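The values are calculated or read from the model by the stated rules, or taken from the named source; none is laboratory data. Every value quoted in this text rests on a predicted model; they were computed, and no experiment measured them. Heads up, the Cβs are rebuilt from the backbone with ideal geometry, glycines too, and the neighbour counts pull from every protein chain shown.
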Amino acid sequence: MYVRLEMRGVMTLNIHFNNKTTINIADICVAKTFMQRLRGLMFRKEIGCGAMVFYNCSSIHTCFVKFPIDVLYLDERMNVISYVRNLKPWRTSRSNLGASIVIELPANTLTHKPFCAVLENDTSK
């Protein structure tokens, strides 16, 4: 079981790669409501934030998404189950058993094989 972070302050995402590098992504959007989850990135010209997070999710599509994205599939402990680089518009990504969190990122963010991700909530900002 995972604990959802309170949505106050600025959320950041740290993605750790197998080559011992880490990238930090600020300004994380969380799709919380039904309409936010339904719309996702559809009809947008760009992501508009550093990444979009979907809880209780194991697959996505890019119908009506106008740009390619990178996708991380995580389990409840934030370990990477699988990932997709440069998922083009009008594609589906198969369901990933064991995944409970999906993170959509700008294309070419995942430069190496990721193994875990950490979401942090900075309430001081």
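The residues listed here are Ala51, Ala31; of these, the one that is surrounded by 11 or more Cβ atoms within 10 Å (Cβ to Cβ), in contact with a helix residue (DSSP H, G or I) (Cβ under 6 Å, 6 or more places away or on another chain) and not acidic (Asp, Glu) is Ala31. Of all residues in region 102-125, those that are among the aliphatic types (A, V, I, L, M), part of a strand (DSSP E or B) and touching a residue at least 60 places away in the same chain (Cβ under 8 Å) total 5.
Counting the residues of region 1-25 that are of a type outside the set (Ser, Thr, Tyr) and at pLDDT 90 or above gives 11.
Against the condition crowded, with 18+ Cβ neighbours inside 10 Å, of a type outside the set (S, T, N, Q), in a loop (DSSP other than H, G, I, E, B) and at pLDDT 90 or above, how does Cys63 come out, does it pass?
On the way: crowded, with 18+ Cβ neighbours inside 10 Å: no; of a type outside the set (S, T, N, Q): yes; in a loop (DSSP other than H, G, I, E, B): yes; at pLDDT 90 or above: yes.
Considered against the rule, which asks whether it is crowded, with 18+ Cβ neighbours inside 10 Å, of a type outside the set (S, T, N, Q), in a loop (DSSP other than H, G, I, E, B) and at pLDDT 90 or above, Cys63 comes out as no.
Being modelled with pLDDT of 95 or more, at negative phi and in contact with a Leu (Cβ under 6 Å, 6 or more places away or on another chain) narrows it down to one residue among Ile28, Ile69; which is it?
Numbers: Ile28 fails: modelled with pLDDT of 95 or more.
Selected residue: Ile69, the only one of Ile28, Ile69 that is modelled with pLDDT of 95 or more, at negative phi and in contact with a Leu (Cβ under 6 Å, 6 or more places away or on another chain).
The residue that is nearest to Ser58 (Cα to Cα), among those in region 79-99 that are modelled with pLDDT under 95, part of a loop (DSSP other than H, G, I, E, B) and touching a strand residue (DSSP E or B) at 6+ places or on another chain (Cβ under 7 Å), is Asn96.
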